[in-house]
Amino acid sequence: MPGAFNILSTHNLSKSRKKKRRRRPISATNSASPKIVTVEIKTNAYEEEEEEADVGFNLKESSCSQSHIIQPLGNLLLLDPSTNIRNPGLGNLQILSDEVLVDILGLLGGRDLGILSSVSKSLYVFSTHEPLWRNLVLEELKGEFLFYKSWRFTYISSVNPCFSPFSTGPSTLCIRNFYSDYLFQSWLCANLEMKPEWLQRDNIERRRRLSLEEFVNCFEELNKPVLLEGCLEQWPALEKWSKDRLVQICGDVKFAVGPVEMTMEKYFGYSDIVKEERPLYLFDSKFAEKITELGTDYDVPVYFKEDLFSVLGKGRPDYKWIIIGPAGSGSSFHVDPNSTSAWNAVIRGSKKWVMFPPEIVPPGVHPSPDGSEVACPVSIMEWFMNFYGASRNWKKRPIECVCKAGEVVFVPNGWWHLVINLEDSIAITQNYVSRRNLLNVLDFLKRPNANELVSGTKDRVNLHDKFRAAIEAALPGTIDQLAAKAKEKMAQNKQLNFWESVADANTGGFKFSF
């Protein structure tokens, strides 16, 4: 196995796109001063390195660079550009960028991709690009598939029952000198280990046996994250929720997995062996209705018992989810729906969290003016590779932590957060509304573009009026009391600047009249 790859990188690598979650190919034209970055393959993924060696990336031990036929364009720097077999094998299609060409191939079916792959080595590389076959499997087979080695083999075995991916030997096709940053980065993100420095920072406040009053005064009122320890000790789920147990009790019941639904058995069959840039995430809001035992195996921690959305009964927006995923899966930067706060409890595995306060948009993330769309890197690993370092020297650094089994992270409303599973993980999360957050939620629900912003319910436009009426009926006077308290607090905290003071006669200063 070779010791290193040399890849061309720039400060503009994978920066925000106009379309959501799109990758921009790395190109020497992106920057006036490109630099070489070394991707090192090490036996110990957590070997300590000097700060100056910050550009090194470690590949997973299961990765085999010799078997990967695509090389980054940086490897072509000292070679004759004509050695790149990409263009000769594409003919007139060579004028298209790799991204555009993949988009076009995404319009084809499996049979057409198979035929195209036999035309030339270049078209073979593009036609066997795994995301193309992943889309075909999910679109045509939905959740009714057994994952075999790769998405391409999975698709072929489904349409040709006689095909056995386990009996296929190594390919006799020899492809060399194919260079593409766009295709290579997808593979790289799927095979990278998390760098040690990405895991080192743990600056969240950790508290054990915190009283409810302390939680409200020190964290919820201040809209401040906290990691809570020792509050899940009575959960049966901590002991019971192994993969085998979940498969047993869930049987043939299907759960939401990305755009499809799958049984636990089929999902674990996929997640146990998959190695891709964006693994599918089991994220189901109806799990307790589907399997009653799952809903009784945990209890809401005392800090989050007050949930005012409960006054809507079954008409409330979706608010609780079971979350299951392999290492590398997770959620890219987002703000929780409907201006709610949230808690996330890890039952198995561990999760890396990165959180930014509401007033700070994470680097590489670009929300639209109305907040309805967010442009961000294609994958979580891509964000760490290209943007994590940008926040290391900020005055207001992000809140970070690794949350392990038995621990809970409190996510205040409005906070941007990214979460990546460091190992196979199972978790429960719930969004909620307390008195500390009620006014924020009501303001959010009555925004003019509520039909685009509100989520988790079909009745987006009328949710504000229904919720407000239900609160006033169940808790008369609560909204007015909270509004008065908020107004009083705002007045106490207000600091007058010069122009405010000169315009106020009560200050004894100047007062302008026109």
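Bear in mind these aren't lab numbers, they're just calculated from the coordinates by the rules spelled out. Note that this is a predicted model, so its numbers are computed, not measured. Neighbour counts run over all protein chains shown; Cβ positions are idealised from the backbone, glycine included.
Highest first, please rank the peptides 327-336, 410-419, 225-234, 91-100 by the mean number of other Cβ atoms sitting within 10 Å of their residues.
410-419, 327-336, 225-234, 91-100
Pop a pseudo-label 7 angstrom from the Cα along the beta-carbon direction at both residue 452 and residue 404 and give the gap in nm to one decimal.
With each label point 7 Å from Cα toward Cβ, the separation is 4.5 nm.
Quick one: length gained pulling residue 392 to residue 423 fully straight, 0.36 nm per residue minus the C-alpha distance?
8.7 nm
Quick one: net charge of residue 237's neighbours, Cβ under 14 Å, K/R +1, D/E -1?
Once all neighbours under 14 Å are counted, the net charge is -1.
Express in nm, to one decimal, how much length is gained between residue 115 and residue 361 on full extension, taking 0.36 nm for each residue of separation and deducting their alpha carbon distance.
Length difference between fully extended and current span is 84.0 nm.
Whole-Hz Karplus ³J(HN,Hα) for region 407-422, in order, using 6.51 cos²θ - 1.76 cosθ + 1.60 and θ = phi - 60°, x for Gly and Pro?
10, 10, 9, 8, 10, x, 5, x, 7, 6, 8, 10, 9, 10, 6, 8
Can you work out the Karplus-derived ³J(HN,Hα) for every residue in region 479-486? Use 6.51 cos²θ - 1.76 cosθ + 1.60 with θ = phi - 60°, whole Hz, and x for glycine or proline.
Going residue by residue, I get 5, 5, 5, 5, 5, 5, 5, 5 Hz, with x marking Gly and Pro.
For region 204-212, what does the Karplus curve 6.51 cos²θ - 1.76 cosθ + 1.60, with θ = phi - 60°, yield as ³J(HN,Hα) per residue in whole Hz, taken in order and with x for Gly and Pro?
Once θ is set to phi - 60°, the couplings for region 204-212 become 6, 7, 10, 9, 10, 6, 7, 6, 4 Hz.
Find the Rg to Rh ratio for region 327-421, where Rh is the Kirkwood radius over alpha-carbon pairs and Rg uses the same atoms.
Working: Rg = 13.1 Å, Rh = 13.9 Å.
Ratio of gyration radius to Kirkwood radius: 0.94.
State whether region 142-240 is rounded, prolate or oblate according to the following rule on the C-alpha gyration tensor (a ≥ b ≥ c being the square roots of its eigenvalues): a/c under 1.5 gives rounded; otherwise a/b larger than b/c gives prolate, and the remaining case gives oblate.
Because a/c hits 1.5 or more and a/b exceeds b/c, region 142-240 counts as prolate.
List the residues whose amide H sits under 5 Å from the amide H of residue 178, counting only those 5 or more places along or on another chain, with H placed 1.01 Å from N in the peptide plane.
Excluding prolines and chain starts, which carry no amide H, the hits are 71, 85.
If we count every other residue with Cβ under 13 angstrom of residue 391's Cβ, Lys/Arg +1 and Asp/Glu -1, where does the sum land?
+3
With a/c under 1.5 counting as rounded, go ahead and sort region 375-504 into rounded, prolate or oblate using the C-alpha gyration tensor (a ≥ b ≥ c being the square roots of the eigenvalues; past the cut-off, prolate if a/b is larger than b/c, else oblate).
Numbers: a/c = 2.01, a/b = 1.30, b/c = 1.54.
The shape class here is oblate.
Return the subset of 446/489; 314/466; 224/466; 286/352; 142/266 for which the Cα-Cα distance in this structure is over 18 Å, preserving the input order.
446/489; 224/466; 286/352
Can you tell me the relative contact order of region 204-351? Whole percent, Cα pairs under 8 Å, sequence separation 6 or more. Could you put the intermediate results ahead of the total?
On the way: 140 pairs, mean separation 33.5, N = 148.
It rounds to 23 percent for region 204-351.
Given labels modelled 7 Å from the Cα in the Cβ direction, how far is it in nm from residue 135 to residue 82?
My value for the distance between the label points is 3.5 nm.
Between residue 481 and residue 285, what is 0.36 nm times their sequence separation minus the Cα-Cα distance? Round to one decimal in nm.
This chain segment gains 67.3 nm when fully extended.
Given points 7 Å out from each Cα along the Cα-Cβ axis, report the residue 466 to residue 249 separation in nanometres with one decimal.
It is 3.0 nm.
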